[in-house]
Structure formats: C-alpha cells, structure tokens
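First the structure, in the form of structure tokens, and then the observations on it.
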Amino acid sequence: MNLTKYICHRIPERSFFIKGHQFPVCARCTGFYAGLIVYLIVNFSYKHPYNVEMLVVSMILMVPVAIDGVTQYFGPRESTNNIRFITGFIGGVGLIIFLKIIIRWILNVL
C-alpha cells in the first residue's frame with residue numbers, strides 16, 4: 001500500500017474496509033478503477049465509434065465526479081463513500097473513453 005499513496009490520499013473515512021482492512025485507494029478511486037475495468041471488459045462485446053460525439057459523452061460522464069469532488073472540497077456538503085464510488089465509476093467510464101479517443105487521435109496524427 002505504500003505505492004498507492006502517490007495516486008490517492010487514502011483517508012480512512014473516505015475508504016472502504018473489508019474485515020477491518022482498508023482498501024489501497026479511497027472510495028472514489030475504487031470507483032474510477034472499477035469503471036475503467038468494467039468498460040474495457042464490456043467494450044470487447046459492444047463496439048462503438050470513437051468520434052466527436054463520444055468525446056462529448058465522455059466529458060459529460062466526468063461531470064458528476066467533478067461536481068461531487070468540488071462541492072465536497074469547498075464544504076457545502078459532505079459526500080458519502082457510496083456516492084464517491086458511484087460518481088467515480090461513472091467518471092472512470094468517461095475517462096477511459098476520453099483516453100481512447102485521444103490516444104487514437106494521437107496515433108492517427110503520427
């Protein structure tokens with residue numbers, strides 16, 4: 001778990017626990033990684049075009065995690081681990097779609 005301190009804050013109150021053991025990353029990061037993995041698995045069966053419309057969709061999918069994080073950071077409300085996980089999951093799906101589009105664009109330019 002020492003390596004994960006560089007990619008996540010790992011605050012205990014914002015992390016999941018199983019049988020007293022803290023996850024190596026917080027609830028939001030757990031959602032991000034789960035979203036990335038689930039999307040990549042589903043993407044093997046369901047193909048879609050990586051075009052400008054999907055780029056917009058990917059950015060829209062990242063909005064909930066941004067709203068959750070910003071509103072929690074500036075204090076109007078306190079998020080729960082379940083909300084952090086769900087918004088992280090949705091954001092993870094959006095992030096992987098975004099990255100695939102950008103990587104494909106870069107490879108086509110080169």
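Counting just the residues of region 1-22 that are at pLDDT below 85 and among the aliphatic types (A, V, I, L, M), which one comes out surrounded by the fewest Cβ atoms within 10 Å (Cβ to Cβ)?
L3
Please determine, by comparing only the residues of region 28-85 that are among the polar types (S, T, N, Q) and open to solvent by less than 50 Å² (accessible area, probe 1.4 Å), which one is nearest to the chain's Cα centre (by Cα).
Among those that are among the polar types (S, T, N, Q) and open to solvent by less than 50 Å² (accessible area, probe 1.4 Å), it is T30.
(1) part of a loop (DSSP other than H, G, I, E, B); (2) out of contact with any Cys (no Cβ under 7 Å at 6 or more places or on another chain); (3) open to solvent by less than 40 Å² (accessible area, probe 1.4 Å); (4) not small (G, A, S): which one isn't true of V25, the others all being true?
(2)
Touching a residue at least 24 places away in the same chain (Cβ under 8 Å) and not in a helix (DSSP H, G or I): is that true of Y50 in this structure?
Yes.
If the Cβ limit is 7 Å and pairs must be 6+ apart or interchain, which residue in region 9-20 that is on the phi > 0 side of the Ramachandran plot pairs with which residue that is assigned to a helix (DSSP H, G or I) and open to solvent by less than 70 Å² (accessible area, probe 1.4 Å)?
Note: pairs meeting the criteria are R10/T4.
For region 53-87, enumerate the residues that are in a loop (DSSP other than H, G, I, E, B), at negative phi and not charged (D, E, K, R).
F74, P76, S79, T80
The values are calculated or read from the model by the stated rules, or taken from the named source; none is laboratory data. No experiment lies behind these values; they were computed from the predicted model shown. In this analysis, Cβ positions are derived from the backbone assuming ideal geometry, glycine residues included, and neighbour counts consider all displayed protein chains. The protein model used for the area step is the full one, side chains on, heavy atoms only, and it has no ligands, DNA or RNA in it. Shrake-Rupley method; radii C 1.70, N 1.55, O 1.52, S 1.80 Å.
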